[in-house]
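Asks: Sharing a structure below in structure tokens format, with a few things to ask.
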Amino acid sequence: MRRFAVPMVLGALAITAVSSRAEAQYVFFGGGPSIPIGDFKSNTDFSAKTGWLLQGGIGVDIGSRGLFIEAEGFFGSNSHKDTGNFKEKTNIIAFMGALGYSFGADDAKVNPYILAGAGIVGHQFRSDDDTAVEETENKFGFTGGAGLAFRLNETARFWVEARVISSKGTSVIPIMAGVTIDLGGGGN
């Protein structure tokens, strides 16, 4: 966990800096299945299965027309296909900054949106074999996705999105749903 301390502190500082200049702030959280792709799915030494991913963060609307910036964190886990008598899994811990655009009027019932960003993706491999292997790697990663936000009331939205989170050797497509809560101003 110590290897994640620096990214966590940097993420907290970024959130503080962004939110101190906010026009409209919001928090969001959600989760869903995490589908492995690329080498993470088809590695000959291990093959990750569909797992789960949780997300949370803070966002700020930039200006009055659709543009937003977010600081987001992710935590999830994917177990591995049959590796003998041992249970193996990979935990994914990621911290990203993202820039996005929400289409349509702020008071619309449904707003499609897109986003893209970059940050740090941590890949933590664990095995319960006799040696209790645990390896952690932190690498540069990127994210991109699209979704729909449904207005529930003046301060809350329900959202569904598909995105990719990828770094060298660890790539997943999470399909997530969650809630955004407006903390003041116009909302996302």
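Asks: Could you tell me which numbered condition Val60 fails, if it satisfies all but one of (1) buried (at least 16 other Cβ atoms within 10 Å of the Cβ); (2) under 22 Å from Phe140 (Cα atoms); (3) modelled with pLDDT of 85 or more?
Replies: Just one mismatch for Val60, condition (2).
Asks: Filtering region 145-165 down to residues that are part of a loop (DSSP other than H, G, I, E, B) and of a type outside the set (Asp, Glu), which residue is nearest to Val110 (Cα to Cα)?
Replies: The selected residue is Leu152.
Asks: Further question on the same structure: Go through region 73-91 residue by residue and tally those that are modelled with pLDDT under 95 and in contact with a helix residue (DSSP H, G or I) (Cβ under 9 Å, 6 or more places away or on another chain).
Replies: Matching residues across region 73-91 total 2.
Asks: Condition test on Ile92, is it in contact (Cβ under 8 Å) with a residue 40 or more places away in the chain, of a type in the set (A, V, I, L, M) and in contact with a Ser or Thr (Cβ under 7 Å, 6 or more places away or on another chain)?
Replies: The answer is yes for Ile92.
Asks: From the list Ile120, Ile37, which one is modelled with pLDDT of 90 or more and within 18 Å of the chain's Cα centre (by Cα)?
Replies: Ile120
Asks: Mind checking whether some residue in region 105-113 is in contact with an Asp or Glu (Cβ under 9 Å, 6 or more places away or on another chain), under 24 Å from Leu183 (Cβ atoms), at pLDDT 95 or above and not hydroxyl-bearing (Ser, Thr, Tyr)?
Replies: no
Asks: Only one of these is among the hydrophobic types (A, V, I, L, M, F, W, C) and either surrounded by 17 or more Cβ atoms within 10 Å (Cβ to Cβ) or modelled with pLDDT of 60 or more (or both): Ala5, Ala22. Name it.
Replies: Ala22
Asks: Here's another thing I want to ask about it. Can you go through Ala48, Ala98 and tell me which one is crowded, with 16+ Cβ neighbours inside 10 Å, at pLDDT below 85 and touching a strand residue (DSSP E or B) at 6+ places or on another chain (Cβ under 7 Å)?
Replies: Ala48
The values are calculated or read from the model by the stated rules, or taken from the named source; none is laboratory data. These numbers come from a predicted model, not from an experiment. We place every Cβ from the backbone using ideal geometry, glycine too, and count neighbours over all the protein chains shown.
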